[in-house]
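Notes for the one structure printed next.
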Amino acid sequence: MNAPVLRASACPHDCPSTCALEVEVGADGRIGRLRGAKGNAYTAGVICAKVARYADRLYHPDRLTKPLRRVGPKGEGRFEEISWDEALDAVAEAFLKAEAAHGAESVWPYHYAGTMGLVQRDSIHRLRHAKGYSRQFDTICTNPAWTGYIAGTGRLAGPDPREIARADAVVIWGTNAVSTQVNVMTHAITARKSRGAKIVAIDVYPTQTVKQADMGLVLKPGTDAALAVAVMHVLFRDGYADRAYLERYTDCPADLEAHVATRPPEWAAAITGLSVEEIEAFARLVGETKRTFFRLGYGFTRSRNGTVSMHAASCIAAVTGAWAHEGGGAFHNNGAIYTLDKSMVEGKSLVDPSVRQLDQSQIGRVLTGDAEALRGGPPVTAMLIQNTNPVSVAPEQDLVKQGFAREDLFVCVHEQFMTETAKMADIVLPATQFLEHDDVYKGGGHQYILLGPKLTEGPGETRENLFVLNEIARRVGAAEHPGFAMSAREHIDWMLKASDFGSLEELERDGWIDCQPAFEQAHYLDGFAWPDGKFRFRPDWTNVPAPNDGAMGPFAAMPALPDYWAVIDEADEEHPFRLVTAPARSFLNSTFNKTPESRKKEGRPDLMMGREDADRLGLDDGALVRIGNRRGAVTLHLRLTEGLRPGVVIAEGIWPNDAYPDGCGINTLTTAETIAPYGGAAFHDTAIWVRPA
């Protein structure tokens, strides 16, 4: 029997690692094991277990393989098989009907990051712009984090993340890297082994990353900025502040010093739940270690004060002058280093800025007719959904379900499995997975552009996103655009050439492109990306150059300098617990929650609670409990967990709604309120009650 051939690819999922892959392809085209590419300096041969066993998803017996039309009530899950032409004709007819009745804005193409491929993910914009369909303001993930980081640096880029391996201290803040960014741990452990580097992990519960750290700080949710400010207090107080660096590279060091002088560790301890000794020890480690690499994640920004917290944490590296050293500085995302021209893929020449943008996170409010969420425009009466599962992953789930149950709403879902959202659709189209189509990727957590070529055929009648979008465009009379006639490979080649990144042929030969800027630029030694070249301790919050749809939320009340901002959903007598909906190690949003091995490893939906709280409520390990707030209630099992702060509970993973006894998923409880100043969803900022079921 012929041995499988190793082919190069890239992980398509919504993870900063965007791993370079080696894929076993058999002589029959069947996919075997996936491995990390050893030749890629960031992936370094290591990938997460869920992607390593990706064949479980590819060959899952529940894959959708034929177009389907609903024949029963919405949500019941009864469908009949139809042809692709019948399905696409039905979609086009519904879209044209909606446009005739309410205008083009009544059609909302809705998508997100089920694939991070730039062609298959972003071509949906070309359709929306060509027809004047409602635009989408992406808010479910990055807004608070990016805005908070850019508020200081002026640019979404930082030190080479491979420098983690050359740091003397690595601070992993607000991300459970063991579970969600395995390559961060690869490089941090390399630094520990080769340099004796200390690893610090900061989170709201004892994650696997916290447990593997030399210093684990478990604080109360939403209080990260208080820790950061108290650390800066100690740095100035004890002579660790790099005054020469501050004078040259920052905007108002004297103002910051005077401000943090009023915020000692005792103040922060009362807010965070940390001890004064823990805060002092962390500050001393950072102060004494110039080569400290701050790896700042998304988790701690998913609170109403998340933007402020990200900015405050990033300020520490400017106070110590860590930016000036290899292995030092603050890194969040490298998005700004990729100057890829996506104008052909997205159809940017067709954009009409007068067309409304609807907030992705507020889909429940949009579909239930909230006038503010609709931006004063017509109702949404037709949707195309790709790369996301809003009936499970969007906040305010009860509203989302109500919206999708509307009889006057037509929904087409292009999916790989019969998700909760697909069950609510009128037409379901079977989708390819990433090894079954061509695409190109960029790594937010590193510096590579990577190719993901088609390596095998999809099952049955599965079709790629690009095919669906081009066919719908043709049927609805979309404005002519050359992008609708191009294959994925032609789009990739055009994008690379237009961006001066070579050609598809060269990328196929090399596998990836290293876009890392020079050390001086990455560390801002020539100045930060503001006109005066200074890192900003005092941000102009409503003029931060981050993606936005104008200022929103309580932006006028945001603190002028780094500070704890008490706008979180505080626990009270009626809702005495603070809930964080953290990622599960074997899931990625809802992507892997149908894969048997991932389900087996995660077990069931649980609520993690400390023994002190459980004893007070008279609850035993494994007890069935109900948790809730004014948005609804969820039933799940209790799991007693050591190391949790009193009053803090954790629900890991986005499980299918039907995994819960009452069919209500965890996002029943989360809010779609906007985070200042540019929006975002506060998934980890929820006050609840807990009761025996």
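Look at the alpha carbon pairs under 8 Å that are at least 6 residues apart: their mean separation over the length of the chain gives a relative contact order of 20 percent.
Computed from the C-beta positions of residue 101 and residue 343 and an R0 of 25 Å, the FRET efficiency is 0.20 to the nearest 0.05.
Sequence-ordered 3J(HN,Hα) estimates for the range 193-204 from the Karplus curve with 6.51, -1.76 and 1.60 and θ = phi - 60° stand at 6, 8, 10, x, 5, 8, 9, 10, 10, 10, 7, 9 Hz, glycine and proline given as x. Using only side-chain charges placed at the Cβ, +1 for Lys and Arg and -1 for Asp and Glu, the dipole size of the chain relative to its Cα centre rounds to 900 debye.
Placing +1 on the Cβ of every Lys and Arg and -1 on the Cβ of every Asp and Glu, with no other charges, gives the range 611-650 a dipole of roughly 340 debye about its Cα centre. As an exercise, use a Förster radius of 35 Å and the Cβ-Cβ distance of residue 659 and residue 28 to find the FRET efficiency, rounded to the nearest 0.05. It comes out at approximately 0.50. Remark: relative contact order (the range 128-287) = 17 percent; criterion is Cα-Cα distance under 8 angstrom and separation of 6 or more residues.
Overall, the anisotropy analysis places the range 76-220 in the prolate class: the square-rooted eigenvalues a ≥ b ≥ c of its C-alpha gyration tensor yield a/c not less than 1.5, with a/b exceeding b/c.
Selection among 550, 478, 161 by position relative to the dipole of the chain gives 161 as farthest towards the positive end (Cβ unit charges, Cα centre).
Add -39500 (n - 2.57) for each DSSP H run of 4 or more in the chain, then divide by its residues: what number comes out at 222 nm, to the nearest 500 deg cm²/dmol?
Working: 26 runs with 212 residues, N = 693.
Theoretical 222 nm ellipticity from helices: -8500 deg cm²/dmol.
The overall shape of the range 502-632 is oblate: from the C-alpha gyration tensor, with semi-axes ordered a ≥ b ≥ c, the ratio a/c is 1.5 or greater and a/b is no larger than b/c.
Among 385-392, 350-357, the peptide with the highest mean count of other Cβ atoms within 10 Å heads the list, and the full ranking is 385-392, 350-357. By the rule of a second cysteine Cβ within less than 4.7 angstrom, the chain holds isolated cysteines at 15, 48, 141, 252, 315, 412, 515, 664.
Roughly to the nearest percent, how much of the accessible area of the chain is carbon and sulfur, given a 1.4 Å probe? Carbon with sulfur: 48 percent of the solvent-accessible area. For 203, 532, the ranking by accessible surface with the largest value first comes to 532, 203, using a 1.4 Å probe. Solvent exposure of the chain amounts to 34 Å² per residue of accessible area, where only protein heavy atoms count and the probe is 1.4 Å. Shape class of the range 569-690 from the alpha-carbon gyration tensor: oblate, with a/c at 1.5 or above and b/c at least as large as a/b. For the range 1-79 versus the range 659-693, the spacing of their alpha-carbon centroids is 30 Å. Placing unit charges on the Cβ atoms of the charged side chains and taking the dipole of the chain about its Cα centre, the candidate lying farthest along the positive direction among 148, 108, 235 is 235.
About its Cα centre, how strong a charge dipole does the range 368-490 have in debye, to the nearest 20, once Lys and Arg get +1 and Asp and Glu get -1 at the Cβ? Before the final figure, lay out each step's value.
On the way: 10 positive and 18 negative charges, 41 e Å.
Value, rounded to 20: 200 debye.
Could you work out how far apart the two model spin labels at residue 243 and residue 487 are, taking each label as a point 7 Å from the Cα in the direction of the beta carbon, and quote it in nm? It works out to 6.6 nm between the two label points. Amide H contacts for residue 607 (H built 1.01 Å from N in the peptide plane; partners 5 or more residues away or on another chain; cut-off under 5 Å): 637, 638, 639.
Have a look at the DSSP beta bridges in the chain and tell me what percent are antiparallel, nearest 5. Of those bridges, close to 45 percent are antiparallel. Say the dipole of the chain comes from +1 at the beta carbon of Lys and Arg and -1 at that of Asp and Glu; which of 45, 513, 469 then lies farthest toward its positive end? Farthest towards the positive pole: 45. For the range 359-464, DSSP calls about 30 percent of its internal beta bridges antiparallel.
The values are calculated or read from the model by the stated rules, or taken from the named source; none is laboratory data. Because the structure is a prediction, the values reported are computed rather than measured. With ideal geometry, Cβ positions are generated from the backbone for all residues, glycine too; neighbour counts draw on all protein chains shown. Just the protein is used for accessible areas: all its heavy atoms, side chains included, with ligands, DNA and RNA removed. Shrake-Rupley method; radii C 1.70, N 1.55, O 1.52, S 1.80 Å.
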